[in-house]
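Peer 1: First the structure, which I've put down as structure tokens, then a few questions once you've had a look.
Computed from the coordinates by the stated procedures, all read-outs in this text should not be read as laboratory data. Values in this document were obtained by computation on a predicted structure and should not be read as measured data. Backbone-built Cβ (ideal geometry, glycine too); neighbour counts: all protein chains shown.
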There are 2 protein chains.
Amino acid sequence: MKRIKSIKHFDWEIQYFEHDSTSTKTSMKFSVFIPQGNSIPDSALIWLSGLTCNEENFISKSGFGSHLAATKTMIICPDTSPRWLDLSWEHESYDFGSGAWFYLNATTSNYALNYNMYDYINTEIYTLLVKYFKVPESKISIFGHSMWGHGALTIGLKNLEKYQSISAFSPIVNPVKAPWGKKAFTWYLWEDEWTWKNYDAVELINAWKKHKNPILIDQGSADDFLEQELLTENIVEATHNSDQILELHYREWYDHSYYFISTFLWTHISFHLQYLK
Amino acid sequence: MKRIKSIKHFDWEIQYFEHDSTSTKTSMKFSVFIPQGNSIPDSALIWLSGLTCNEENFISKSGFGSHLAATKTMIICPDTSPRWLDLSWEHESYDFGSGAWFYLNATTSNYALNYNMYDYINTEIYTLLVKYFKVPESKISIFGHSMWGHGALTIGLKNLEKYQSISAFSPIVNPVKAPWGKKAFTWYLWEDEWTWKNYDAVELINAWKKHKNPILIDQGSADDFLEQELLTENIVEATHNSDQILELHYREWYDHSYYFISTFLWTHISFHLQYLK
């Protein structure tokens, strides 16, 4: 594993790394924000970004620094897909392939070797936190935005003991019913309906997956993707019919951007801190 | 004047505008952060960005939102040069021409018609704040970064009554002695030494320009441009030999980026607020 860059920020350090991934069989990049020197973080947040993003968007746009530097909680922000391949259709559209891996393990022949992003996050990044960054296993939470808000919800709901808490901004909650999800799932998983449901937060809650803590979601009411892609009301209905507690805030006039995320970032960080401390 | 875009952020609004400038004879863009609805700001900050930047960098990267939304102070961030021209050499390098206007009124034949950025900020943007955004004339301060930190210092020092306070991150303080400055001044002003000095903070202080309030500067000690381009020690020496009070902080290990700016942004905003309120 190679550290590419270190930048001082709020008395801590932003560090960028590159490493060989066994899940994707490629070199992958991620960023972290950690205390300077020999100070060891007492807990960690995994942040999963949205379509078209990489390991830098959250770091440069979210205004996270002042929030985290006042804690002992580090953050890790992985890139959103393998980058050095040239698979069929991989680079043709913003909502599929590079920059758009949807946090699943692909099964179609074209993608199965490399697009194993579920394993990359849930096994490799998780293990890095514990082994390399010395974070206690019981002190890791997960959150994300949009396509990767979907990732945070599904990875969290499928690994109820690994993540202390789960939250998302503007997540895709029911991808099996949304155009982005249908396109990606078809190409990554082909037409295996059971597997589709296994990567869908609403379907996981319908199948009685229940996290011990509430799930926090913030959703802008002026989000252009709300009605067609995110389908927030479907998770409201699913939680009504289950024991999963959902803490959902519709935020009037807010859009889908990092200006929305940064406005409510402290709400999410403090939500996670109450379960990590 | 046309409003292009509005985005809700920390309960206020980021707005982007486009307007015809009499100084540059082009269409110019700027961004503002203002209270929503009919609430009128009681004061304003003018932010001037650095080389290669435009009206968006500060807005997307500085983490300003939480600081300003707690006040009644708006901010305006102009683009850093005219954009729709095709003058000789204008787009050849990052440190000259488009994205690099150095806040002066050009006198060379190639640039004199359009590169009047000193007037654009000091007259047009200032007047917009007063007439369009209804900010009281006595409640405007100015700050900036790097090349435009230079802009903030020189525009402030040349208009002692117009700006309540002046600050800068990593400014070029003595451009007549630095490669970036020499290149830009030669091409914008040719070899007129007196005019060069008239756009140089150290020379203005040497010529007994003195603002009533201290000038605040933050400078990262790990800034790659410090020794050759910024020449911070020259303004220390100039203020030692004058009555101008300088509040300078060297920040150990910090670089030239927005990660440095965002870390100390509240220091600068609260500095200005004490003179604006």
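Peer 1: Fully extended, how many nm does the chain gain between residue A:19 and residue A:191 (0.36 nm per residue separation, minus their Cα-Cα distance)?
Peer 2: Difference between extended and current length: 58.6 nm.
Peer 1: Shortest first and in nm with one decimal, please list how far the residue B:52 label point sits from its counterparts in the other copies (point 7 Å along Cα→Cβ).
Peer 2: 2.1
Peer 1: What is the local net charge at residue A:32, summed over the other residues whose Cβ is closer than 13 Å to its Cβ (Lys, Arg +1; Asp, Glu -1)?
Peer 2: -1
Peer 1: What residues qualify as long-range amide H neighbours of residue B:215, i.e. H under 5 Å apart, gap of 5 or more or another chain, H built at 1.01 Å from N?
Peer 2: B:245, B:246, B:247
Peer 1: What does the net charge come to around residue A:248 if you take all other residues with beta carbon closer than 13 Å to its beta carbon, with K and R at +1 and D and E at -1? List each step's numbers first, then the result.
Peer 2: Details: positive: A:251; negative: A:218, A:233, A:237, A:247.
Value of the local net charge: -3.
Peer 1: Per DSSP H run of at least 4 residues, take -39500 (n - 2.57); add these up for chain B, divide by its residues and hand me the 222 nm value, nearest 500 deg cm²/dmol.
Peer 2: Working: 9 runs with 78 residues, N = 277.
Only helices count here, giving -8000 deg cm²/dmol.
Peer 1: Take the alpha carbon atoms of the range A:189-233, find their center, do the same for the range B:241-277, and report the distance between the two centers in whole angstrom.
Peer 2: 45
Peer 1: Expressed as a whole number of Å, what is the distance separating the alpha-carbon centroids of the range B:39-68 and the range B:127-160?
Peer 2: 12
Peer 1: At residue A:228, label 7 Å along Cα→Cβ: distances to the other copies, nm, ascending?
Peer 2: So the label point of residue A:228 gives 5.0 nm to the other copies.
Peer 1: Using the Karplus curve 6.51 cos²θ - 1.76 cosθ + 1.60 with θ = phi - 60°, what ³J(HN,Hα) values do you get for each residue of the range A:212-229, in whole Hz, with x for Gly and Pro?
Peer 2: Per residue, the Karplus-derived 3J(HN,Hα) values read 5, 9, x, 9, 9, 10, 10, 9, x, 7, 9, 6, 4, 9, 4, 6, 8, 10 Hz.
Peer 1: Okay, moving on. Any aspartates and glutamates with Cα under 19 Å of the residue A:29 Cα? List them, leaving off those in the same chain fewer than 8 positions away.
Peer 2: A:13, A:18, A:20, A:55, A:56, A:79, A:86, A:90, A:119, A:124
Peer 1: Here's another thing I want to ask about it. What do you get for chymotrypsin sites (Phe, Trp or Tyr not before Pro) in the range B:1-49 restricted to DSSP loop and a cutoff of at most 11 other Cβ within 10 Å of the site's Cβ?
Peer 2: Passing sites in the range B:1-49 do not exist.
Peer 1: So what's the range B:57-176 giving for Cα Rg divided by 2.2 N^0.38 Å, two decimals?
Peer 2: Here the answer is 1.11, to two decimals.
Peer 1: Report P(r) for the range B:2-276: all Cα-Cα distances, bin width 10 Å, range 0 to the bin holding the largest distance, values in whole percent.
Peer 2: Bins of 10 Å from zero give 7, 32, 38, 20, 3 percent of pairs.
Peer 1: Could I ask something else about it? In A, who owns the beta-carbon nearest the axis carrying A over to B, and how many Å from it?
Peer 2: Closest Cβ to the A-to-B rotation axis, residue and whole-Å distance: A:63, 2.
Peer 1: Okay, next question. List, in order, the whole-Hz ³J(HN,Hα) value for each residue of the range A:243-256 obtained from phi through the Karplus relation with A = 6.51, B = -1.76, C = 1.60 and θ = phi - 60°; use x for Gly and Pro.
Peer 2: 8, 5, 8, 10, 10, 10, 10, 7, 10, 4, 6, 7, 9, 9
Peer 1: A further question follows. Projecting each Cα onto the charge dipole of the protein assembly as shown (Lys/Arg +1, Asp/Glu -1 at the beta carbon, about the Cα centre), which of A:275, A:17, B:130 comes out farthest on the positive side?
Peer 2: A:275
Peer 1: Which distances, shortest first and in nm, link residue B:132 to the matching position in the other copies, using label points set 7 Å out along Cα to C-beta?
Peer 2: 4.8
Peer 1: Count neighbours as other Cβ atoms within 10 Å of each site's Cβ, and list the GluC sites (Glu not before Pro) in the range A:155-209 that are DSSP loop with at most 13 such neighbours.
Peer 2: Those satisfying the criteria are A:161, A:191.
Peer 1: Output ³J(HN,Hα) for the range A:266-277: one whole-Hz value per residue in order, computed from phi by the Karplus curve 6.51 cos²θ - 1.76 cosθ + 1.60 with θ = phi - 60°, and x for Gly and Pro.
Peer 2: 5, 4, 6, 4, 5, 4, 5, 4, 5, 9, 8, 9
Peer 1: Using DSSP, restrict attention to beta bridges with both residues in the range A:2-276 and report what percent are antiparallel, rounded to the nearest 5.
Peer 2: 50
Peer 1: About its Cα centre, how strong a charge dipole does the range B:2-276 have in debye, to the nearest 20, once Lys and Arg get +1 and Asp and Glu get -1 at the Cβ? Write down the numbers at each step before the final one.
Peer 2: Values: 22 positive and 32 negative charges, 207 e Å.
Dipole magnitude for the range B:2-276 comes out near 1000 debye.
Peer 1: Could you tell me which chymotrypsin sites (Phe, Trp or Tyr not before Pro) in the range B:181-228 are loop residues by DSSP with no more than 16 other beta carbons within 10 angstrom of their beta carbon? Please report the intermediate quantities before stating the final value.
Peer 2: Numbers: sites: B:185, B:187, B:188, B:190, B:194, B:196, B:199, B:208, B:225; in loops: B:190, B:199, B:208, B:225.
Listed in order of number, the matching sites are B:190, B:208.
Peer 1: Something else: Which lysines have a Cα lying under 24 Å from the Cα of residue A:197, excluding residues fewer than 8 positions away in the same chain?
Peer 2: Those lysines meeting the cut-off are A:158, A:162, A:177, A:182, A:183, A:209, A:210, A:212.
Peer 1: Sort B:153, B:276 by Cβ crowding within 10 Å, fewest neighbours at the top.
Peer 2: Listing B:153, B:276 from fewest to most nearby Cβ atoms yields B:276, B:153.
Peer 1: May I pose another question? Calculate how many DSSP beta bridges within the protein assembly as shown are antiparallel, expressed in % of all such bridges and rounded to the nearest 5. The partial results should precede the final answer.
Peer 2: Details: 44 of 90 bridges.
Antiparallel: roughly 50 percent of the beta bridges in the protein assembly as shown.
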